[in-house]
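The values are calculated or read from the model by the stated rules, or taken from the named source; none is laboratory data. Since the model is a prediction, treat every value here as computed from it, not as a measurement. Positions of Cβ are backbone-derived with ideal geometry, glycine not excepted, and every protein chain shown enters the neighbour counts. Heads up: the accessible areas ignore ligands, DNA and RNA and are worked out on the full protein's heavy atoms, side chains in. Shrake-Rupley method; radii C 1.70, N 1.55, O 1.52, S 1.80 Å.
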Amino acid sequence: MKVSILDDYHDTLRTLACFQKLAGHDVTIWNDHVQDLDTLAARLKDTEALVLIRERTQIRAALLERLDKLKLISQRSVYPHIDIDACTRRGVIVSSNLHPDTVSYATAELTWGLILAAMRQIPQQVAALRAGIWQTGVGHSLRAKTLGIYGYGRIGSVVAGWGRAFGMQVMVWAREVSLARARADGYTAAPGKEAFFAACDIISLHVRLVEATRGIVTADDLARMQPTALIVNTSRAGLIAPGALAASLRAGRPGMAAVDVYEQEPVPGAAYPLLAMENVVCTPHIGYVTHEEYEIQFADIFDQINAYAAGQPIHVVNPDALVHA
């Protein structure tokens with residue numbers, strides 16, 4: 001099959017052991033990010049199988065209508081960036097392993113990296129030392145502080161467990177079914193959302209972004225946080241109301257933020273508000289971006305291509321497309 005892979009920023013995939021699964025296919029890899037319709041249509045006009053790296057590129061009806069040879073979109077995890085109905089109408093199968101029983105430990109690890117970086121001012125201390133300044137401030141310890149976990153799913157539960165290892169008090173706010181699991185695991189369930197934001201020294205968001213959770217963290221929620229508090233987001237930027245985080249940080253509540261996700265990605269230049277704030281640690285959506293995590297994810301993605309090529313597609317999220325294929 002003619003396979004195209006989009007958004008492999010660092011040309012990493014061909015270095016993976018699992019890349020050998022594509023031996024025998026005609027593979028083209030694009031290392032830049034493009035959302036322009038005409039450019040994508042030209043690049044993908046002969047593509048039969050399209051590999052997407054998470055949600056980096058939007059695949060909508062206007063593009064699909066120009067890809068007459070496309071038969072398969074192969075990726076991993078959720079797919080809000082794909083017009084599934086348009087794929088189905090055109091007989092394009094979408095294969096995506098939703099991995100319900102696996103955890104992105106890489107994302108949980110980065111969450112803790114961001115917590116430590118922000119609380120101990122690691123980026124600022126490194127920059128100062130390189131500039132010839134010996135110690136530029138005093139950070140904060142984690143022990144005995146309250147770690148708030150907003151959303152007690154696969155990643156949230158791991159982050160909570162590691163918080164316990166740091167000697168922190170862990171408080172959880174989530175749906176009632178998730179709160180029940182948190183209680184069973186020995187954590188404190190917050191009595192309410194307002195109390196949760198007011199009580200926690202650090203809040204880490206671990207909620208899936210769907211329409212019901214878009215903007216679920218409001219400006220009022222952030223204003224209840226303490227001036228010494230930290231909010232961490234390695235999930236999705238859309239969980240926080242548009243513009244609310246930057247405005248709340250300017251107002252001093254919370255006092256710090258650490259983020260790995262943004263409303264527009266890649267971030268459009270250094271003028272992005274959060275990048276200019278000394279009390280914010282920013283990373284470029286690298287939560288799941290490790291060699292080890294890539295091996296897990298792309299083994300699934302490439303297996304899906306081979307299964308389709310063998311006439312037995314797997315992890316199909318739009319089975320009605322099989323009728324039109």
Could you check the spin-label model distance between Thr290 and Glu194? Points 7 Å from the Cα along Cα→Cβ, value in nm. 4.0 nm
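Quote the convex hull volume per residue of the stretch 189-271, based on C-alpha atoms, as a whole number of Å³.
It is 95 Å³ per residue.
How large is the accessible surface per residue of the stretch 245-296, computed with a 1.4 Å probe and reported in Å² as a whole number? Can you show the working numbers first?
Working: 2590 Å² over 52 residues.
Using a 1.4 Å probe on heavy atoms only, each residue of the stretch 245-296 averages 50 Å².
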Between the modelled labels at Ala247 and Thr39 (7 Å from Cα along Cα→Cβ) the distance in nm is 3.3 nm
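Viscosity 0.890 mPa s, temperature 25 °C: Stokes-Einstein D of the stretch 202-325 from its Kirkwood Cα radius, in µm² per second? Don't skip to the end; give the middle numbers.
Details: Rh = 17.0 Å.
So the translational diffusion coefficient is about 145 µm²/s.
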Space enclosed by the convex hull of the alpha-carbon atoms of the stretch 1-135, per residue, Å³: 157 Å³
Longest principal axis of the chain (C-alpha) makes with the long axis of helix 105-119 (C-alpha) an angle, in degrees to the nearest 10, of 30 degrees
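For the stretch 93-179, state the semi-axes of the equivalent ellipsoid (square roots of 5 times the eigenvalues of the alpha-carbon gyration tensor), sorted largest first and rounded to whole angstrom. Could you put the intermediate results ahead of the total?
On the way: eigenvalues 204, 74, 15 Å².
Taking √(5λ) for each eigenvalue gives 32, 19, 9 Å, largest first.
Using a 1.4 Å probe and counting only protein heavy atoms, arrange Met171, Met1 so the residue with the most accessible area comes first. Working shown, then result.
Values: Met171 30, Met1 50 Å².
Largest accessible area first, the list is Met1, Met171.
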Counting only DSSP loop positions in the stretch 67-176, the trypsin sites (Lys or Arg not before Pro) whose Cβ has at most 16 other Cβ atoms within 10 Å are Lys69, Arg120, Arg143, Arg175
